[in-house]
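Shown next, in C-alpha cells, is the structure this report addresses.
The values are calculated or read from the model by the stated rules, or taken from the named source; none is laboratory data. Predicted model only: the values in this text are computed from it and were never measured. Here the Cβ positions follow ideal geometry from the backbone for every residue, glycine too, while neighbour counts run over all protein chains shown. We work out accessible area using only protein heavy atoms, side chains counted, and drop any ligands, DNA or RNA first. Shrake-Rupley method; radii C 1.70, N 1.55, O 1.52, S 1.80 Å.
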Amino acid sequence: MLGVLLLLSLISLVALVPPPGPCRQCCDHLEPPEGSGAQPPIGGFNHVPEVRTYINMTILKGDKGDRGDRGTPGKPGHIGPPGSIGPMGSKGSKGQAGPPGDPCKIQYSAFSVGRRKSLHSLESYQALVFDTVFVNLEEHFDMFTGKFICRIPGIYYFNVNIHTWNFKETYLHIMQNEAEKAIVYAQPSDRSIMQSQSVMLELDLSHEVWIRLYKRERENAVYSDDVDVYITFNGYLIKASVEGK
C-alpha cells in the first residue's frame, strides 16, 4: 500500500516538470555586453518552475481504531418542566380485610316512671312527683324531685300520659329547666279521659326535664288511684352529642 502511494507521488512530480529544451547555461538569460556583437537570448525557459506536492488524503485513511475509554459524566442539567398526567391505570385487585376495630361504646339513658296518687292544684306551681319506677338507667331520673337530669348531652324523646278528673280542668306543661316546652290540656267534662303529649328536646349537661301542674288560678287536677297507674312519664336518649369511643 505504501509503495503505491510513493509511486503516485512520483508520477505527480513528473507531471509538473516541463519538457526538455535546448541546453543553456545559467547565465544565458543575461543581456550581452554592449559592443560585443552577441545576440540577446531568445525567450524560453528561463526560470525553475515551482513544484507543489499534493497528496490525496482520502486514500491515506486507515482502518477504524478501537473505541476509546468512557469519559467522565458531565454536570446534571436543569430540571425540566413536569410532564402531563398519564392515563389512569387499571383497577387493582381487592385487598384483604383488615383486623376488626374496637367496638364503639354506645351510651344509654332512659327512664319510665308512674304515679298512683291524684294531684290537685295549689296556690303555686307544683312538680309532678312519681312513686313507681319501671325503668331508670343509671338513676338519671330523680324520684325525690320528679325531674330527669341530663348526664349525656344529646337529643331525647319525652312522653307524658295523664288521666283527667271529672268536671275539672287539666293543665300541665313539659318543662326544660324553667322553660315551658309542651302543654297537656283538657277542658272540664262530665267524664274523664286519657291525655298524652310527646316532644323531642336537645339537652346539655345537667339540664332538667319535668312535669309542672298549673297553679290554682284555674281549678285543675289529674286522677289516679292505688289500683292502676294512670299517670306515666317516659324519656330516652336518641343520639348523644358526642359518640362514645
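The table below gives the values:
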| quantity | calculated |
| --- | --- |
| V129, V113, reordered so the largest accessible area comes first (probe 1.4 Å) | V129, V113 |
| Rounded to the nearest 20 debye, dipole of the range 110-239 from Cβ charges on Lys, Arg, Asp, Glu | 160 |
| Average Cα contact separation per residue, the range 57-192, under 8 Å, 6 or more apart, as relative contact order % | 13 |
| Percent accessible area from carbon and sulfur atoms, the range 110-239, protein chains only, probe 1.4 Å | 49 |
| Added length on full extension, which subtracts the Cα-Cα distance from 0.36 nm per residue, I85 to S196 | 33.4 nm |
| Solvent-accessible surface (1.4 angstrom probe) belonging to E138, in square angstrom, nearest 10 | 140 |
| Pairwise centroid distance, computed over Cα atoms, of the range 174-233 with the range 86-164, Å | 19 |
| Heavy-atom surface of the range 110-239, accessible at 1.4 Å and reported per residue (Å²) | 51 |
| For F167, solvent-accessible area (1.4 Å; no DNA, RNA or ligand), Å² | 140 |
| Table column - 3J(HN,Hα) (Hz), the range 185-193, Karplus curve with 6.51, -1.76, 1.60, x for Gly and Pro | 9, 8, 6, x, 8, 6, 9, 7, 9 |
| Cβ crowding within 10 Å averaged over residues, with 157-166, 71-80, 182-191 ranked highest first | 157-166, 182-191, 71-80 |
| Pairwise label distance in nanometres, I238 with N136, each label 7 Å out on the Cα-Cβ vector | 2.6 |
| Kirkwood Rh in Å, taken over all unlike Cα pairs in the range 110-239 | 14.7 |
